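Trainee: Here it is, the structure in full.
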Amino acid sequence: MSYRVLLVDDEPLARERLKRLLLEHSDFQCVGEAANGLAVLSWLSQFQADVVLMDIQMPGMDGLAAAAEIAQLANPPVVIFCTAYDEHALDAFRVNAADYLLKPIRKEDLARALKRAAERLGSAIPMPISSAARTHISAKTHAGLQLIPVSSIFYFSADQKYVSVVHSQGETLIDDSLRQLEDEFGEQLIRIHRSTLVTRQSIERLETNDHGAVLYLRGLEQGLSVSRRHLPSLRKIMKQL
């Protein structure tokens, strides 16, 4: 299957580099270019694209505003942001961007983003804008901004003033507090200890012994201690799973 790609950046050199990178992906064909958000909407009113690779900071209408408008189209393309700034990551996922790539764009990052776009296009599931919970957790690491899909998270753990998230790719320190996470994700997270929140979809089994209760999550060998205070509510929730 071939996907039609629209490139959006106010810098011609940036568009040229993206076109060169796309040449390594035969399933993705550049069918148009635009220099700002208004030009994107004008192009899409006349032609069809499957994927939009778009900068955020552009003159006139920026990429975030354009993505919000694109999401309202009857058959919206998948948006992948390509930007030099990492501070817009959360806003990007609130307008349902499939990925957020930092310039200079690396080949492996673009390949991952295009794969994700193809999966989303193949799912045929509409992706409405949501102002509620994020789809990714962002963390600043020594390697730059890391975006962790919520679907890959096992649990959050607090240790004094630090909170770490344990996910399928490892463990990462984040800035969010457990209370903030609870408020945002609601029933997606279950508190099993004053310092631990687990994701509902990860729960596998609960074991009890003379020393207390231990919760096991799918994909993890090590169990998590469940406090006496939270054990009754956990049992009640597990009966409903």
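The values are calculated or read from the model by the stated rules, or taken from the named source; none is laboratory data. Because the structure is a prediction, the values reported are computed rather than measured. Ideal geometry is used to build each Cβ from the backbone, glycine not excepted, and the neighbour counts take in all protein chains shown. Please note that ligands, DNA and RNA were not included when accessible areas were found on the heavy atoms of the full protein model with its side chains. Shrake-Rupley method; radii C 1.70, N 1.55, O 1.52, S 1.80 Å.
Trainee: Could you list, in sequence order, all residues of region 32-49 that are of a type outside the set (Phe, Trp, Tyr) and open to solvent by less than 50 Å² (accessible area, probe 1.4 Å)?
Mentor: GLY32, ALA34, ALA35, ASN36, GLY37, ALA39, VAL40, LEU41, LEU44, ALA49
Trainee: Do you know which residues across region 209-224 are surrounded by 12 or more Cβ atoms within 10 Å (Cβ to Cβ) and farther than 15 Å from PHE154 by Cβ?
Mentor: Correct list: GLY212, ALA213.
Trainee: When you scan region 225-232, do you find a residue that is surrounded by fewer than 19 Cβ atoms within 10 Å (Cβ to Cβ), part of a helix (DSSP H, G or I) and over 30 Å from the mean Cα position of the chain (by Cα), even just one?
Mentor: So far as region 225-232 goes, yes, one or more of its residues are surrounded by fewer than 19 Cβ atoms within 10 Å (Cβ to Cβ), part of a helix (DSSP H, G or I) and over 30 Å from the mean Cα position of the chain (by Cα).
Trainee: Another question about this same structure. Taking region 1-31 only, how many residues are open to solvent by 80 Å² or more (accessible area, probe 1.4 Å) and aliphatic (A, V, I, L, M)?
Mentor: 3
Trainee: Considering (1) of a type in the set (Ser, Thr, Tyr); (2) in contact with a strand residue (DSSP E or B) (Cβ under 8 Å, 6 or more places away or on another chain); (3) part of a loop (DSSP other than H, G, I, E, B), say which one TYR100 fails and leave the rest.
Mentor: (3)
Trainee: The conditions are (1) touching a strand residue (DSSP E or B) at 6+ places or on another chain (Cβ under 6 Å); (2) more than 27 Å from HIS136 (Cβ to Cβ), and ARG228 fails exactly one of them. Which is it?
Mentor: It fails just one condition, (1).
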